[in-house]
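Worksheet: one structure, shown below.
The values are calculated or read from the model by the stated rules, or taken from the named source; none is laboratory data. These numbers come from a predicted model, not from an experiment. Ideal geometry is used to build each Cβ from the backbone, glycine not excepted, and the neighbour counts take in all protein chains shown.
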Amino acid sequence: MIGVSDKEGVVAKDKKRWLSKPEPHDYTAAAEYLSLIFRPETVEAVVAALRDAALVQRQAKDLLRASHLPLLPRKDSEVAKDLDKVKGGEKLSPILVVRGDGASNRPLIVADGYHRICASYHLDEDAEIPCQIAGLPASEV
C-alpha cells in the first residue's frame with residue numbers, strides 16, 4: 001500500500017522507489033535478452049518501440065502472472081541488491097516489457113527488470129511498477 005510500512009520495514013510511496021524513466025543501459029540489456037529469442041530486425045523494432053512508449057503502471061503480481069515467471073526469493077543475489085537499493089533510498093529503473101498475446105498463449109516478455117519486479121513484489125505485491133510496454137511487429141505475430 002502506498003505510504004504504509006512494508007514487509008522490509010521501508011516506508012516509501014511506490015513512486016518514490018522508481019526513476020522517472022529507464023536508464024540507457026536498460027534498453028541495451030533488453031536488446032541483449034531479446035536477441036536470444038528474436039531476429040535482429042525484430043529486436044531493433046521492439047527496442048525502438050520501448051524507447052517511445054509511455055510509462056504505465058502495473059502491479060508486481062500482475063506482471064509476474066502475465067509473464068509466467070516465478071517469483072524469485074529475497075535471497076536471490078540480484079533481488080537482494082534491489083531490496084538493498086530501496087532500503088538505502090536509491091530508486092529503481094522502470095521495467096521494459098513486450099506485450100503477450102492471450103490468443104496465441106504467448107506470455108508477457110520481461111525484456112529488462114525481472115529482478116526489480118521480484119524485489120518490488122517482496123515489498124508489496126500490489127505495488128504499482130512503472131513500465132514501458134511494446135508490442136511485437138506484425139511480422140512476428
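A few points about this structure:
- Within the range 45-57, the set of residues being assigned to a helix (DSSP H, G or I) and out of contact with any helix residue (DSSP H, G or I) (no Cβ under 8 Å at 6 or more places or on another chain) comprises Ala45, Ala48, Ala49, Asp52.
Rundown of residues vs (1) farther than 30 Å from Glu41 by Cα; (2) of a type in the set (Lys, Arg), yes/no style:
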residue	(1), (2)
Val79	yes, no
Asp82	yes, no
Val86	yes, no
Lys91	yes, yes
Val110	no, no
Ala119	yes, no
Leu123	yes, no
Ile129	no, no
Ala134	no, no
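- The range 3-57 - residue that is in contact with a Ser or Thr (Cβ under 9 Å, 6 or more places away or on another chain) and either within 18 Å of Gly88 (Cα to Cα) or of a type in the set (Val, Ile, Thr) (or both) and, of those, modelled with the lowest pLDDT: Val11
- Some residue of the range 67-77 being farther than 15 Å from Pro137 by Cα, in contact with a Cys (Cβ under 6 Å, 6 or more places away or on another chain) and not aliphatic (A, V, I, L, M): no
- The set of residues from the range 22-44 being of a type in the set (D, E, K, R), closer than 23 Å to Tyr121 by Cα and part of a loop (DSSP other than H, G, I, E, B) comprises just one member, Glu23.
- Elements of type helices (runs of 4 or more DSSP H) contained in the range 58-141, each with 2 or more residues being at pLDDT 95 or above and basic (Lys, Arg): 60-67, 77-87
- Scan of the range 29-81 for residues that are touching a strand residue (DSSP E or B) at 6+ places or on another chain (Cβ under 9 Å) and of a type in the set (Ser, Thr, Tyr), ordered by number: Tyr33, Ser67
- Only residues that are in contact with a strand residue (DSSP E or B) (Cβ under 8 Å, 6 or more places away or on another chain) and surrounded by fewer than 23 Cβ atoms within 10 Å (Cβ to Cβ) were counted in the range 115-126, giving 2.
- Residue list for the range 113-136, restricted to those being among the hydrophobic types (A, V, I, L, M, F, W, C) and either without any contact (Cβ under 8 Å) to a residue 40 or more places away in the chain or under 17 Å from Lys85 (Cα atoms) (or both): Ile117, Cys118, Ala119, Leu123, Ala127, Ile129
- The residue that is nearest to the chain's Cα centre (by Cα), counting only those in the range 74-114 that are among the small types (Gly, Ala, Ser), closer than 21 Å to Leu36 by Cβ and surrounded by 15 or more Cβ atoms within 10 Å (Cβ to Cβ), is Gly113.
- Filtered residue count, the range 21-71, keeping only those that are loosely packed, with under 14 Cβ neighbours inside 10 Å, of a type in the set (S, T, N, Q) and touching a residue at least 12 places away in the same chain (Cβ under 8 Å): 1
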